[in-house]
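Read the figures in this text as sums done on the coordinates, not as results from a lab. Predicted model, so just to flag it, every value in this text is computed and none were measured. When we count neighbours, we look across all protein chains shown, and the Cβ atoms used for this are built from the backbone with ideal geometry, even at glycine.
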Amino acid sequence: MASATKPRYVDVDNPALAIDCPRCGLRTPRFLEHCRNCGFHLWPSSRVASAAFQAWRDHDPARAAASRFDFELPVDHSPPEVDYEERAHHLGIHIFPSSNFPFVIALGVFGLALALVNFGFMPLWGHIVIGVIGAAIFLTGVIGWVIVEDTRYYPAEAAETGHAGHAHIEESA
């Protein structure tokens, strides 16, 4: 760094980004060349002010997001990430896994209901065809949701179902 742009002294331990102007007394950003309110010369040049800001910012990693035009350090306003499944497990709440099969079931029920509606232009065999298609879609959704996904998400429970209802009594010798 050239000696002309090198700051002579920067209080890097001071966390403030704004100071009171020595002339007008109003708050102004600390690392600007001039006071925003009255134009008082705070630093010899903009390059020196920028070098001082970089030295101040590099002293603490928490200051990395700061700008020399700010009055305060920026605060992260993003919502905290919460693992709702872990929290529900800790509280003893069972959360069902997400599935698309309820939509398939609803489509099948819609087909069955459509088969029940009496349209004047449709013969009886048309109602039967729509009903069979709706029943097939409905059963596909139920089988997929209850059997396929349930055994995929809960494999241990599916393996233990053969032993359900049997009590094991251990005899001590």
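Here are some notes:
- Given (1) loosely packed, with under 14 Cβ neighbours inside 10 Å; (2) free of Cβ contacts under 8 Å to residues at least 12 places away in the same chain; (3) not charged (D, E, K, R), number of the condition Pro22 does not satisfy: (2)
- For the stretch 31-62, a residue qualifies if it is in contact with a Phe, Trp or Tyr (Cβ under 8 Å, 6 or more places away or on another chain) and either part of a helix (DSSP H, G or I) or under 16 Å from Asp20 (Cβ atoms) (or both), and the qualifying residues are Phe31, Leu32, His34, Trp43, Ala49, Ser50, Ala52, Phe53, Trp56.
- The stretch 63-108, residues that are in contact with a Pro (Cβ under 9 Å, 6 or more places away or on another chain) and either surrounded by fewer than 10 Cβ atoms within 10 Å (Cβ to Cβ) or part of a loop (DSSP other than H, G, I, E, B) (or both): Ala65, Ala66, Ser67, Arg68, Phe69, Asp70, Phe71, Leu73
- Of all residues in the stretch 46-62 being among the polar types (S, T, N, Q) and surrounded by fewer than 16 Cβ atoms within 10 Å (Cβ to Cβ), the one that is farthest from the chain's Cα centre (by Cα): Ser46
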